[in-house]
Structures are given as C-alpha cells and as structure tokens.
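Please read the structure below before turning to the comments.
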Amino acid sequence: MLEYIVSKYNFWVYVILLLIGLYAMVGKKNLVKKLIGMNIFQSAVILFYVSIGVKKGGATVPIFLGNAHAAHGHGNAIIDVASYINPLPHVLMLTAIVVSIATTGVALAVLILIFRRYKTLELDEIIKIRKDTGV
Amino acid sequence: MATQFAALVIVIPLIAALFVPVIGWWKKGLCHPWVVAVLVVPLIASLSILNRVIESGPFSYYLGGWAPPWGIEYAIDYLNAFVLVIISVISLIVSIYSKKSVEKEMPEKVVPFYTLFLLLVTGLLGIVVTGDLFNVFVFLEIAALSCYALMAIGRDGAPFATFRYIIMGTIGASFYLLGVGYLYIITGSLNMLDVAQRLPEFYHSRVVLTAGVFMIVGIGLKMALYPLHAWAPNAYADAPSTVSGLVAPLMTKVAAYMMIRIMFTVFKPVFFIEIIPVTTILTWMAAVAVIVGSIYAIAQNDLKKMLSYSVVAQIGYIALGIGLANRSGLTGAVLHILNEAFTKGCVFLVAGAIIYKTGSCNITGFKDLYRKMPFTMTAFLIGAFSMVGIPPTCGFFSKMYLIIGSIDAKQWVFVAVLLTSSILNVIYFFRVIKIAAFEDVIPDYSRTSPYITYRLDEVPISMLIPILIMAAGILVCGIFSPEIINTVIQHIIPASF
C-alpha cells in the first residue's frame, strides 16, 4: 500500500493541493483567502500537468542537437524518445500560468471594487450589508 | 476561401480589439462604429462557412499549416458552423444596441468596454471554431476573463456577484483542464477527432472515467446547470444591460455546445450513456433546473433577476435534450440553443431599454409601459410568447421536439416537467405583461378630461431596431424551423441515434 502511494506520489501531491485550494475557496470567509485558495487550486492543476511530462530513467530536457547525434549521417538526427521528457504538457502550462495570473489580476481588481463599496472583505459582513440595503 | 474564413473569424476580432484603445485615444466616438464594422466580418465569414459546410460537408483548417494531431486544427462541421452563425449574429445585433446604453451607463469607460466586448466575442467564437481540446480551454478563459471584467462594471453589487463568478468559473475551467490532462495521459493527443479515434479501446479505464467526469462537471459549472448555478443569477442581473444582453444568450449556450461536443464527438455516445450513466443524471438535474429555475423566477421582483433565473431554467431544457440522447431530444436541444439566443437576447435587451428609460427594472414600476414604449414592449411580448412556447414563435418548436424526445424515451416525468414549466413561464412573464399593459397609473380626476393622454416615450432608434430585429428573429426562426432542422440540425445528430 505504502509503495503504491509512493510510486504515484505526484498524483497524491496534486490531489492534496487541489483539495486544500477547494476547501479555501468554499470554506473560508475572507475573500482574499478565497482568492489564495483559487491560486493553490490552479497551481495544483499546473503541477499535475508538469508531472505527467516527466519520464523515469534519466530522461532530460528535449534540446535538439542537430547533426551531432546523427549516427550514420542520414542528415536528420535520430531522436531516442525515451531519453527526453515530454515537453508538450510543460508548454501547455506556460499558457495556463498566464491564464492563472490574468485571473488573479482581474480578481484582485474586483476585490478593490468590493472593498470600496462595502469597506470590508469578510463574506458574512458583506452579505449582512447586502441584506440591510436590500440588494 | 471558406477554409481561411475559419481562421479569420477569430483573427479579425482579436486584432481589432487591440486597435480599439488606439482609436479611442484618437476619437472616442469612433469606437462604436469600429466595433460594429469589425463584427460584420465574423458574420460574413461564419455565413460562408455554414454555406460551405451545407454544400460540401465538414472541412478543416490547419493553423500555420501544421497537420493534426501536432498542429491546432480548426475542424468545422454542421454543429460548429451553426453555433458560429448564432454567435456572430447576436453579437452584431448587441453591438449596434450598445451605443446609447453604454454612453448612459458608463460614459467614462467606453474604450475599455469595447475592447473587452470584442475580446469576449473572440473567446466565444474561438471555443466553437477550434478542434483542439486545450485550445478550447484558452478561448474559454479569454471569454471568461473579459466577461468578468465587463460584469464588474455593472450596477451596485456587481463586483461581489462577479467575484463569485470568478471563483466558480475558475473551478469549472480548471476541472475541464484536468479532464483534458487525463485524456492526454491516456491518448497522447489533444486533437478532438484524434482523441475520439484513439479513445474507445480505453473506455473501461479509470483514467478515462475520471477525465469524463471532470470535464462534464467543469462544463456544467460554466453552463450554470442546476446544482452548480448559484453564481449565475446575480452575475447576470447586476451586469450592465449590454453585457447581460450579450452574455446571457451566448455564454451558457456556448458551454452547452461544449457539452454536446465532448459527449458526442470526443467520446462516443455509448460512453456517457452506458459506461457511466451521465445522461440519466443529466436529465434529472435538468428537470430539477427547469422547475426550480422557474419557481425562483416567479419569486423575483426585478425583471433582470427574473430573466436570469429563467436562463437557469432554459439551460435545463438544453441539458434535458442532451441527456435524453435520442434524435428528437438532441434536435430540440440544438434548436433551443438558437431559440434561446434570440429569445433571451430579445428580453434582456428590452430590460436594458427599460432601464435606459426609467432607470430601474423593478416590475412593480412598469405601469403604463405599453402606452409609453409600445414597440419595445411588443418585442417583449414576442419574447415572452417564445419562452412560454406559443406557435409560431421558435420556443414552441424546440419544446415540441423536447417533449417528443421525452415520449420517445418513455420518460413521462419529463413530459410533465416540460408542460408544467410552460405554465410557470406563463405566470412569471404574464405578471410583467399584466402590470405593464393593464394596470393604469391612478388617473388624475381633478382634470377636466377623463382621459389621460400618453406621450410616446420610446428608446432611441439605435436601441429599438436591434430589439425589433431580435423579435423578428424569434418569429423567423420559428417559421423556418423545419428548414433549419432539415438543412443543418439533422446532420448534427450522431449516426447511432
């Protein structure tokens, strides 16, 4: 059992982070903490993607070395797939990181608007003010 | 040429969005004509795409000439082309409408508004046109981010509603992304058609099950499907009227398109029907959505809030059609995407027009609106008829197909639900119409004449014409719905149904 957990530890780490983020988004009463939870949640997804590109057994970064590796002079290098990690998930995550940062930026701007309006970022107090003013 | 249009439909509004700040810096008044002119291009492009698909069948465009599965493929079939036309038509109409409304509601934010408006349209078009799973996520977030920013400009309470939407929307998008990740683990591909080909042999793998569930829950969140709908009503109701006029008809429907795409293209229908019973769960959730959404709508005193709950109910119709997973049900669902776009567009634009004239959209204050704004309120009446499902408005036909689909599936509960919801729609729409048409302001008896003279007090012509076009669209879609089904929708239904 322990071996099973350790051998798939990347998935466990991402699931735990995902749940921490989800808990913060749903359970926390402070809007900034919700936002931090959202960041943890997105980071968990990013880590998941990064970990699925990795290969065991000394695989390294996929840098194309041109003809230096071409053993028999066919012109094109023969690429041994097993010796390189899969770069695609990593490239996808560059986009996802940008998306995550943009979301955080928009959310922070919205939080400023909320604070200007209600003078607080606590969920219960905002809901109370909204009830009182009948919104 | 039509293959290039598949790319132009995205590229033109995207580049044009970047030019809006430049134009606004030069002359603020030019932003609106620029946006309208730009949005004509996707309309022409999507019409010629649809034309090409009808004439010679599905085609694809390879971005940068990279062949799939390595490059990004824009795979166009009947469903894509159909939804593309809907999005470009609605966004063009709303962009014409936006001028006066934006000038009144946010005079100092015209330039950022139009930039975000074009980005939102780009995102929506992109979700639909692309054939790449990760590309869908990117466009989904482009649409969502510009949508958050636009919604937060709205009336008091909008930022708070938007923040909830940001949280829920991000969970939805992240779940979708996780699903894509799992599919990538097992197939090594991100191209929808390629994944669809490689996937069937793994259907009993837990990885694929996880992927399917994550994707459906994520899209369900974006779609505001019943238990996941909590963010939608406030966010839609508090947004500026132009934004709710664009987002309410399109955003959730594009998510519905994604659901159809994932369930019937990326996965074979058998996966979600037999291997995991998602369709069964979906139909029941949808049935609850229809009833609960309608009941909440009855309880609202604010027109926009009422319509927003109605969005939740109407999404239930589409989900019900998808979940029934038979020919009539899915026909009804796809037809309802079109009908909802026009109907919700029409009634939300009317709500915006009422706000423009009276400054509020509290239903109790609607007395005498039929005398003051006869054209606008006639459009509202047509929208209400379509919502209830009175022929020849288009709402009748999609409901008819959904009911036929429920009968085909021998699900009598859903027949009852659909008919009940029509009655609930009557209650909440005709309440508005009753106040607006039949309740007089207390007459002033001190005057000599017993009759009150009413002054025609319509909205500006640039707002009125888009509203009337929407209303006409409802009727046209209704009258021509057999043709629409024969030429387009029947090709969308998977062969196994």
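Values quoted throughout were computed directly from the atomic coordinates according to the rules given, and no laboratory measurement underlies them. These numbers were taken from a predicted model, which means no experiment stands behind them. Because the Cβ atoms are built from the backbone with ideal geometry, glycine has one as well, and the counts that use them run over all protein chains shown.
Using the Cα centre of chain B as the reference point, and only Cβ charges (+1 on K/R, -1 on D/E), how large is the resulting charge dipole? Debye, rounded to the nearest 20.
640 debye
Which loop-located trypsin sites (Lys or Arg not before Pro) does the range B:195-251 contain, where loop means any DSSP state but H, G, I, E or B and the Cβ has at most 11 other Cβ atoms within 10 Å?
none
Going Cα to Cα from A:K29, which lysines come in below 22 Å? Please leave out same-chain ones fewer than 8 positions away.
A:K119, A:K128, A:K131
I'd like the Kirkwood hydrodynamic radius of the range B:277-497, using the inverse of the mean 1/r over distinct C-alpha pairs, in Å.
Hydrodynamic radius (Kirkwood, Cα pairs) of the range B:277-497 is 18.2 Å.
When the helix-only estimate is applied to the protein assembly as shown (DSSP H runs of n ≥ 4, each -39,500 (n - 2.57), divided by the residue count), what is the mean residue ellipticity at 222 nm, nearest 500 deg cm²/dmol?
Helix contribution divided over all residues of the protein assembly as shown: -24500 deg cm²/dmol.
Within the range B:24-47, list the residues whose amide N lies under 12 Å from a label point set 7 Å along Cα→Cβ of B:V111.
B:24-31
Longer than 27 Å from Cα to Cα, which of B:K305/B:K399; B:K27/B:K222; B:K100/B:K305; B:K27/B:K304 are they? Say none if no pair is.
Distance filter (> 27 Å) returns B:K27/B:K222; B:K27/B:K304.
How large is the convex hull of the Cα atoms of the protein assembly as shown per residue, expressed in Å³ as a whole number?
That works out to 178 Å³ per residue.
Got the relative contact order for chain B handy, in percent, Cα pairs under 8 Å and 6 or more residues apart?
14 percent
Could you compute how fast the range B:64-154 diffuses translationally, taking Rh as the Kirkwood radius over C-alpha pairs and applying Stokes-Einstein at 20 °C with viscosity 1.002 mPa s? Give it in µm² per second.
148 µm²/s
Restricting to DSSP loop positions (anything but H, G, I, E, B) with no more than 14 other Cβ atoms inside 10 Å of their own Cβ, which chymotrypsin sites (Phe, Trp or Tyr not before Pro) remain in the range B:30-121?
When the chymotrypsin sites (Phe, Trp or Tyr not before Pro) of the range B:30-121 are filtered for loop state and at most 14 Cβ neighbours within 10 Å, B:W66, B:W70 remain.
Compute the relative contact order of the range B:277-497 as a whole-number percentage, counting only Cα pairs closer than 8 Å that sit 6 or more residues apart in sequence.
Reported as a whole number, the value is 27 percent.
Which three lengths, in whole Å and largest first, does the range B:1-148 cover when its Cα atoms are put on their principal axes?
46, 28, 24
Run through every distinct alpha carbon pair of chain A and return the Kirkwood hydrodynamic radius in angstroms, one decimal place.
Value: 18.6 Å, from the Cα pair sum.
Compute the helix-to-body angle for A:87-118: its Cα long axis versus the longest principal axis of chain A, expressed 0 to 90° and rounded to tens.
Once rounded, the angle reads 10 degrees.
In percent, how large is the relative contact order of the range B:366-414, given Cα pairs closer than 8 Å and 6 or more residues apart?
16 percent
Compute, for the range B:277-497, the length of the dipole vector about the Cα centre, with Cβ point charges of +1 (Lys, Arg) and -1 (Asp, Glu) only. Units Debye, rounded to 20.
160 debye
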